[in-house]
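The structure appears right after this line, and notes come after that.
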Amino acid sequence: MNKIVSGFLIFLAIIFILTIAYFTKGVFANKLAATGLNAMNNTKLAGTSLAASGNANNISTDRFKVYGLVCGDTYCVTQVQRALYKINGVISATVDTENQEAIVKFRGNISPRVFINAINGASNAMFHYDAHYIK
């Protein structure tokens, strides 16, 4: 009986640690984004080079209506933010599940289509995102 109880307690401890790691990663990424660093990945997507944009110091904000943000937790938010942070020039990405919106602050000239493709590309087997530019 003691082996069963101790095994169950170890299982709970592992689940607890994994849960903390999952949520801490999202918080850490958001803090990095607030500093202007690309939190998730420094991957450049085609057409997003800051040097080619003409004005790398120009900070712009775009808003997108994102249908399909139906998660009751932070999963949808994290998936969409990860996709947006992969775009070179993104300073911050805020996702609001209540209003189904994403707000992206970025440097340079990045077409809204690049953000739409990134958001829609964050879809998976359980959740399908459909983004539309609203400025």
* To do: Neighbouring Cβ atoms within 10 Å as the yardstick, rank Thr97, Thr61 fewest first.
  => Thr61, Thr97
* Give me Phe11, Phe64, Phe127 ranked fewest to most by other Cβ atoms within 10 Å of their Cβ, as a rough exposure proxy. => Phe11, Phe127, Phe64
* Kindly identify the stretch 95-135 as rounded, prolate or oblate by the Cα gyration tensor criterion: order the square roots of the eigenvalues as a ≥ b ≥ c, call it rounded if a/c is under 1.5, otherwise compare a/b with b/c, prolate if a/b is larger, else oblate. => oblate
* So what J values fall out for the stretch 58-73 if you push phi through Karplus, 6.51 cos²θ - 1.76 cosθ + 1.60 with θ = phi - 60°, rounded to Hz, Gly and Pro as x? -> 5, 9, 10, 10, 10, 10, 9, 7, 10, 7, x, 7, 10, 5, x, 10
* To do: Quick one: go through the stretch 56-95 and flag any residue whose amide nitrogen is under 13 Å from the point 7 Å out along the Cα-to-Cβ line of His128.
  => 67-69
* To do: Using amide H atoms built 1.01 Å from N in the peptide plane, name the residues 5+ places from Tyr129, or on other chains, whose amide H lies under 5 Å from its own.
  => Ser123, Asn124
* Integer Hz, Karplus 6.51/-1.76/1.60 couplings in order for the stretch 110-118, x for Gly and Pro -> 10, 5, x, 4, 5, 5, 4, 4, 5
* Relative packing of peptides 79-85, 113-119 - highest average C-beta neighbours within 10 Å first -> 79-85, 113-119
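Bear in mind that the values in this text are calculations on the coordinates, not laboratory data. On a predicted model such as this, the values are computed, not experimentally measured, just so you know. Methodologically, a virtual Cβ is constructed for each residue, glycine included, from the backbone with ideal geometry; neighbour enumeration extends over all protein chains shown.
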